[in-house]
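Right, one structure below, let's go through it.
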Amino acid sequence: MSKSVRLDRVNPVLVKEVRQAVRGKSFRSSFIMVLTIAAVVSTTVLSSLNVDDPQDLANSGTNLFFALHAVFLFCALVVVPVQANRSMASERDERTFDALIISGLSPAQIISGKWLSAGVTQLLFLVALLPFFATSATLYGLDLLMAFVMTLFACFLGLTLSLLGILAATLSKSKAVGSVLMMVFLAACGFSMMWMIAMGQMTMSGFGGFGNTDEFLVIMGLLSAASFFTLFWLHGLAVATISHQEENGMLRVRWAVLSCALFIGIAPLILMSTVPVTPMRFLFQLNSMGVMVLGVLNVPLLTESVGMRVRCRHELESGSWRRPFSWLFLPGGGTAYLLFLVQILIVAIPTTIYLMLASSGSGIYQDLSIYFENGFGGLLATLGVVLACTGVPAAFAARAAAPLWARNSLRFFILTLPFWIVILLGIVELLFQMTGAGFLDSALNPFIAIGDNFRSLRKPEAVLFWLALAGLGSVPMLMHAARQRAEIKALRRTTSESDSNVASPEEEPEA
Amino acid sequence: MSAPLLEVRGLSRRFGDFTAVSDVSFRVEPGEIWGFIGPNGAGKTTTMRICATLDLPTTGDVLVDGRSVLAYPDYARERIGFMPDTLGTYADTSIEEYLDFFARASGLRGKAREQRIASVAEFTELGHLMNRMMDGLSKGMSQRLCLAKTLLHDPQLLILDEPASGLDPRARVEFRELIRALADQGKAVLISSHILSELSETCDGVVVIEGGRLIREGKVKDLQSDLSQHEMLFMRCLAEPRAVHMALAEQPHVLKVREEAENFVVEFEGSEDDIANLLAELVKRDLRPIEFRWHRIDLEELFLSFTEGRLQ
């Protein structure tokens with residue numbers, strides 16, 4: 001079997017991009033440069049090592065790792081995202097974008113291919129640096145778990161930035177504007193990174209920060225997961241940007257950019273305000289906030305398309321309707337809803353792992369277990385808030401009959417949801433005070449419930465309340481999915497009837 | 001009657017206050033080549049981009065094989081091959097890799113893909129250049145490659161935007177032959193060009209557009225006969241001009257005779273036989289005709305007579 005045939009099932013854009021990237025001068029030169037820098041850094045660190053100093057010797061592995069990690073961070077967070085940005089921008093500049101759009105590839109395939117190629121490039125950099133990392137592992141003092149988590153964090157953040165780079169390029173019509181947007185995103189993320197690195201260094205040096213190394217690792221892991229979730233959102237936005245104009249609209253793109261900027265800009269500020277107080281509380285707040293923010297930001301995917309009926313008919317008529325449970329994978333609800341559930345699972349799985357570790361009763365996990373056991377209802381509360389607040393408008397926005405202005409309004413509502421929740425809470429609080437009932441019970445207040453979720457939701461009735469809310473929120477989406485299914489069944493029936501009404505030449509009566 | 005491969009219905013496209021295309025309608029049947037002509041900024045490319053699902057109309061619709069490109073863009077893309085005026089190139093990519101990429105993108109797999117690439121490469125005579133990088137291709141080769149890419153998924157409708165621009169005369173002739181061969185295969189072709197002499201030899205019909213508005217559309221023959229109610233004959237005789245003038249004026253079917261320099265322009269209403277008889281009469285009367293030309297209105301004249309040179 002020839003190589004090209006073997007690559008048949010691989011995304012064509014990925015094949016093209018990797019082929020181009022590896023041949024490109026910029027990749028080759030940056031690859032050689034990175035290898036050279038890694039060699040110089042390793043030599044410098046090793047040559048400055050004082051073997052007579054036990055302290056220096058004990059930290060030699062960590063020191064070398066951090067130095068090399070900085071090199072990898074540069075590749076993952078700057079070189080690869082910039083390349084991804086340029087790759088997408090060049091499609092417009094070289095006038096290949098139109099050809100790509102009508103080539104038969106879906107917008108999602110185009111964005112995925114570009115993004116995956118950034119992942120492959122990143123992997124190549126990582127593989128090239130592996131021998132150097134292995135050298136640091138042979139020295140003293142390197143915590144392999146920490147090294148792994150930090151590398152993973154860099155990879156996830158790099159992939160997220162690459163997608164941001166692609167999004168920036170799709171948003172702008174010129175390379176210059178795309179580059180400026182990319183720089184803004186990089187600067188915002190660089191600000192976050194500087195803070196994270198500073199906190200990490202403080203932790204390693206014993207000056208507080210996260211308290212200890214284990215907590216730092218947990219935070220890094222969770223941030224990696226947050227980056228991972230952000231990918232879905234960014235991917236959806238980039239796809240929407242290059243899709244049909246009616247589907248994306250400039251308003252939506254503006255909201256998306258605004259949300260993105262807010263998320264990137266405000267998140268570190270929130271983190272900075274919370275961490276020094278109680279690191280553990282910060283951890284759980286981060287977890288909840290991540291699910292909340294990213295869950296809400298993911299909702300544009302739920303309203304991705306309203307062309308379900310039209311596309312279904314096309315699939316039915318063209319005979320391409322063969323997949324079982326296809327209704328789940330249709331735009332307009334099914335795919336995104338599944339994606340959303342997958343993301344929740346991605347949160348739930350590490351949570352479960354930590355729960356299991358907590359029950360093993362060792363060190364930090366013993367402390368963690370207390371919070372997790374007490375706070376599992378908080379996770380449900382978070383899900384409840386997200387589903388309740390987004391399910392209903394998303395279901396309405398996804399309706400095929402919904403007019404464009406209504407869809408845009410609902411999307412705007414979903415994207416600015418936290419603001420509306422605050423308004424709503426203010427009204428509710430006011431009503432409570434006016435009726436003399438005092439302040440709203442913190443367990444029923446979504447913001448307080450999320451903020452304090454692992455502490456305040458010990459009451460079973462509060463957990464039940466939020467579970468009910470979660471159910472309430474997901475019902476419209478499930479109803480929407482059921483309606484889709486019914487419509488498709490009706491379409492299938494109509495199509496098969498019209499097919500049977502068309503007499504074949506053999507069946508035609510003789511004149 | 002089967003649906004036309006391309007039907008444009010009341011198409012309009014506005015960009016803010018600017019109307020690029022206004023209420024344009026026409027249709028193209030399988031096996032036909034239609035020219036899409038108009039001055040710069042007339043709205044040709046906008047219309048073509050909407051037909052190719054790259055843009056959306058403000059009002060109106062485009063049907064490809066009977067289905068709306070708005071409702072069924074994927075269906076339309078399977079049937080349309082859109083060739084833009086310039087070939088977008090990928091750096092560090094050979095011709096073979098370029099075609100391979102677009103063949104993969106259009107869903108061709110395995111041997112079928114390899115065969116299709118070989119087939120279009122042979123048709124566009126690119127077979128011997130497959131390993132060449134795209135960067136250094138001549139204009140002619142670029143246009144051939146662009147056409148090859150357009151044909152990869154075997155579209156039934158070809159929308160070609162200025163395919164002959166920048167080509168040398170030889171390349172133009174070759175390109176025209178390729179287009180004719182495609183039409184002979186039953187494909188419908190909508191082609192825009194500034195070089196009207198190119199189109200006049202290729203097209204079955206034309207759509208004339210100016211200032212975003214449809215000026216005329218129809219089969220070339222119909223438009224020619226619409227425009228010229230009478231045949232125009234050009235002739236030069238060595239005999240004394242006055243005698244020639246008088247002789248011509250006496251002939252049946254001759255409506256008007258006028259002199260232009262050494263030539264006589266005769267407005268004539270009659271069949272081809274009548275024209276042959278007129279020529280025979282001139283010879284018989286020893287008026288010594290040395291040049292006799294039956295002038296048919298070409299696309300250039302059609303275009304000039306229909307349009308006013310308005311720019312948007």
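With respect to the conditions (1) modelled with pLDDT of 85 or more; (2) away from chain A (no Cβ under 14 Å), B:P39 falls short on a single one, namely (1). For residues that are small (G, A, S) and more than 15 Å from A:G119 (Cα to Cα), scanning just segment A:7-27, find the one that is nearest to the other protein chains (Cβ to nearest Cβ). It comes out as A:G24.
Residue by residue, here is whether (1) of a type in the set (S, T, Y); (2) under 23 Å from B:T86 (Cα atoms) holds:
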| residue | (1), (2) |
| --- | --- |
| B:L178 | no, yes |
| B:S200 | yes, yes |
| B:K221 | no, no |
| B:D273 | no, no |
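Here's the yes/no breakdown for (1) surrounded by 15 or more Cβ atoms within 10 Å (Cβ to Cβ); (2) of a type in the set (S, T, Y); (3) away from chain A (no Cβ under 14 Å); (4) closer than 27 Å to B:E97 by Cβ:
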site: B:D154; (1), (2), (3), (4): yes, no, no, yes
site: B:G166; (1), (2), (3), (4): yes, no, yes, yes
site: B:R170; (1), (2), (3), (4): no, no, yes, no
site: B:I179; (1), (2), (3), (4): yes, no, yes, yes
site: B:G205; (1), (2), (3), (4): yes, no, yes, no
site: B:E231; (1), (2), (3), (4): yes, no, yes, no
site: B:R236; (1), (2), (3), (4): yes, no, yes, no
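Listed by position, the helices (runs of 4 or more DSSP H) contained in segment A:27-140 that have at least 2 residues being of a type in the set (S, T, Y) are A:60-74, A:80-93, A:107-138. Entry remark, segment A:86-109: residues being facing chain B (nearest Cβ under 9 Å) and either crowded, with 20+ Cβ neighbours inside 10 Å or not charged (D, E, K, R) (or both) number 13 in total.
Residue count for segment B:85-142 under the criterion of being closer than 30 Å to B:N40 by Cα, away from every other protein chain (no Cβ under 14 Å) and touching a helix residue (DSSP H, G or I) at 6+ places or on another chain (Cβ under 8 Å): the result is 4.
Checked against (1) within 13 Å of chain B (Cβ to nearest Cβ); (2) buried (at least 20 other Cβ atoms within 10 Å of the Cβ), A:S30 passes all but a single condition, namely (1). Of all residues in segment B:17-57, those satisfying the criterion of being assigned to a loop (DSSP other than H, G, I, E, B), in contact with a strand residue (DSSP E or B) (Cβ under 6 Å, 6 or more places away or on another chain) and buried (at least 21 other Cβ atoms within 10 Å of the Cβ) are B:G38, B:A42, B:G43, B:A52, B:P57.
When B:L157, B:L167, B:L199 are screened for being farther than 20 Å from B:P39 by Cα and in the same structural domain as B:F26 (by TED's automatic domain parsing), only B:L157 passes.
Looking at this structure, is B:A76 buried (at least 23 other Cβ atoms within 10 Å of the Cβ), of a type in the set (G, A, S) and facing chain A (nearest Cβ under 7 Å)? No: the conditions fail for B:A76.
Listed by first and then second residue, the pairs with beta-carbon distance under 8 Å, at least 6 apart or on different chains, first residue in segment A:124-151 and within 13 Å of A:F72 (Cβ to Cβ), second outside any helix (DSSP H, G or I) and modelled with pLDDT under 85, are A:S136/A:L142. The residue list A:L159, A:L163, A:L142, A:L167 contains one member that is in contact with a Ser or Thr (Cβ under 6 Å, 6 or more places away or on another chain), modelled with pLDDT of 75 or more and on the phi < 0 side of the Ramachandran plot, which is A:L142. For B:G110, the test of being under 23 Å from the mean Cα position of the chain (by Cα) and either among the small types (G, A, S) or not assigned by TED's automatic domain parsing to the domain that holds B:G38 (or both) is failed.
The values are calculated or read from the model by the stated rules, or taken from the named source; none is laboratory data. Since we're looking at a predicted model, the values are computed, not measured. So basically every Cβ, Gly included, is an ideal-geometry build from the backbone, and we count neighbours across all protein chains shown.
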